[in-house]
Structures are given as C-alpha cells and as structure tokens.
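Since the structure comes first, as structure tokens, the remarks are kept for the end.
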Amino acid sequence: MRLRPVLAWVMLVAGFTAVVGSFLPWAYVDFPVSGSSKVSGSLVSDLFTAFFGVVIAGYAVPAVRGDRLPARETVFSVGAGLVLFALGLWDSRHLTSMTAALVAADTGTTIGPGLWMCMIGGLLGALAATGLAFRESRAARRSPSVPGGRAGARADR
C-alpha cells in the first residue's frame, strides 16, 4: 500500500474536520444557578479556525490528485495545522480558567467536540503535510536526474 495517497487524504479530511469543528460547541459550562451553557466557536474565533482548516484542505487537493506539494504550500499547511493545534490548547486552558474565575464553586467545564475537532484536525493536517514533504524529498533523491537515464549521466551523449 502506498503511503502518499493516504497522507494526502488524511490531510484533506483533517482540514474539513477543523472547518466543521469551528462551528460546533467548544465547551460546556455548568453554572450553579442558571444550569448548563455552551460556548461555541463563534464566541471565540470560528472564522479564524475555519480559515486555517480551509488552508489545510485546499493545499491537500493537489496532493490528492497526485501532484507534488511545493515547499511553500507545505510550510503554509504545517503552519496552519500547528496554529490550529496551539489555538485549541490555548482556548481549552483559557475556557477552563475563565469559568473557574466566573464561578466561585467550580461545578465543571467540559471541552466540547468542536475544540477537539479543531485541535485534532490541525495536528493531523500538520503531520500529514510533513509526511508528504518527507516522502516527496526521499522520492526526489532516488529518482534519476535525467529522464530515461541513469543518475549522473549526461544528457548530451
């Protein structure tokens, strides 16, 4: 089984996962008096995370078609994935500490599915883009420098 198409599809699905997770609830907060409430990505940064998910998915499309992913697109994809992952970690810590400050008797905060989807999608997208870059660099080192010839052979002979 070839690993390159699998990595390309993982990158595409990871981008779409981050986009969907941007619009789902990011946290569930239990308040002592008013009950449970949810914090959605729209209150935090849904368009920001959706944009980075689209970047990952958009750069995965040429890789799914079998094209080589250029270095610039690889850097952007890995960067977008790492930003999504870091933003998810920061938001999870921020939401739980914010609720602890608001509620004297901290009855509980649960991280919702949207934040998990953004974090996992970002991390998988970054790993898949990195894997594609390393797979392509290894393939480029093994391929002959002259089409139809041996590596190191001169083309004018």
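The values are calculated or read from the model by the stated rules, or taken from the named source; none is laboratory data. All of these numbers come straight from a predicted model, not from anything done at the bench. Positions of Cβ are generated from backbone atoms using ideal geometry, with glycine treated the same way; all protein chains shown enter the neighbour counts.
For this structure, a couple of remarks:
- Checking each residue in the stretch 68-111 for being at pLDDT 80 or above and among the charged types (D, E, K, R) picks out R68, R72, E73, D91, R93.
- Selection within the stretch 47-67 - farther than 16 Å from W9 by Cβ and touching a Leu at 6+ places or on another chain (Cβ under 9 Å): F48, T49, F52
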